[in-house]
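One structure is given here, and the rest of the page talks about it.
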Amino acid sequence: MTDSCLFCRIVEGKAHARIVHEDERLVAIEDINPQAPLHVLVIPRRHVATLNELAAEDDGLVGEMIRRAAAIARARGVDQSGYRTVFNCNRGAGQSVFHIHLHLLGGRRLGWPPG
Ligand code: AMP
Ligand code: ZN
């Protein structure tokens, strides 16, 4: 945990967020600046700055993040219409918070290729 990290503060309850799901290893929140009718962030409680810092021992954690996104998509009724999950890695790909998070986007037509 680092106090300089926004998502560490959110998962510790020290900064406000609209929480969608919480368990031992993950917290999911509503994105404050939604890019689609459904825009949720699935965040591990443990601080990992970017995908580049993940190790083999984290495979289970990443699997949980993806399966949690799928469960939220199902609960919000977009699992059949379609949704997108995105990890941005580093600034050139749009990462602005350096604590990994999986974006879950849905509820509108999503273009491809992404911007
Ligand atoms: P990224 O640009 O991939 O690092 O994604 C960071 C996301 O966090 C963006 O979609 C922001 O809108 C979102 N965000 C930033 N601050 C907050 C906050 N306080 N609560 C919820 N979402 C946030
Ligand atoms: Zn952090």
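Summary of values
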| quantity | calculated |
| --- | --- |
| Tally of residues being more than 17 Å from Ile100 (Cβ to Cβ) and surrounded by 12 or more Cβ atoms within 10 Å (Cβ to Cβ) across region 23-59 | 5 |
| Close pairs (6 angstrom Cβ cut-off, 6 or more residues apart or separate chains): without any contact (Cβ under 8 Å) to a residue 40 or more places away in the chain and under 11 Å from Arg45 (Cα atoms) in region 2-18, surrounded by 11 or more Cβ atoms within 10 Å (Cβ to Cβ) and of a type in the set (Gly, Ala, Ser) anywhere | Arg9/Ala15; Ile10/Ala17 |
| Within region 1-17, considering residues that are among the aliphatic types (A, V, I, L, M) and within 12 Å of ligand 1 (Cβ to nearest atom), the one farthest from Leu102 (Cα to Cα) | Ala15 |
| Filtered residue count, region 65-80, keeping only those that are in contact with a strand residue (DSSP E or B) (Cβ under 7 Å, 6 or more places away or on another chain) and either within 22 Å of Trp112 (Cα to Cα) or crowded, with 18+ Cβ neighbours inside 10 Å (or both) | 7 |
| Filtered residues of region 85-115 (kept if among the polar types (S, T, N, Q) and either surrounded by fewer than 12 Cβ atoms within 10 Å (Cβ to Cβ) or in a loop (DSSP other than H, G, I, E, B) (or both)) | Asn88, Asn90, Gln95, Ser96 |
| Hits in region 1-21 - residues which are surrounded by 14 or more Cβ atoms within 10 Å (Cβ to Cβ) and away from ligand 2 (no atom under 14 Å from the Cβ) | Val20, His21 |
| Where a residue in region 22-50 is more than 19 Å from Ser4 (Cβ to Cβ) and touching a residue at least 24 places away in the same chain (Cβ under 8 Å) and its partner, wherever it lies, is aromatic (Phe, Trp, Tyr) and buried (at least 16 other Cβ atoms within 10 Å of the Cβ), with Cβ under 8 Å and at least six apart | Leu38/Tyr83 |
| Flag for Leu41 being within 19 Å of Asn90 (Cβ to Cβ), within 14 Å of ligand 2 (Cβ to nearest atom) and of a type in the set (A, V, I, L, M) | yes |
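Here's the yes/no breakdown for (1) farther than 17 Å from Ile32 by Cα; (2) within 15 Å of ligand 2 (Cβ to nearest atom):
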residue	(1), (2)
Ala55	yes, no
Arg67	yes, no
Ala71	yes, no
Gly82	yes, no
Asn90	yes, no
Ile100	no, yes
Leu104	no, no
Arg109	yes, no
Pro113	yes, no
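Laboratory data are not the source of any read-out in this text; all were calculated from the coordinates shown. Computed from a predicted model, the values in this text were never measured in an experiment. Positions of Cβ are generated from backbone atoms using ideal geometry, with glycine treated the same way; all protein chains shown enter the neighbour counts.
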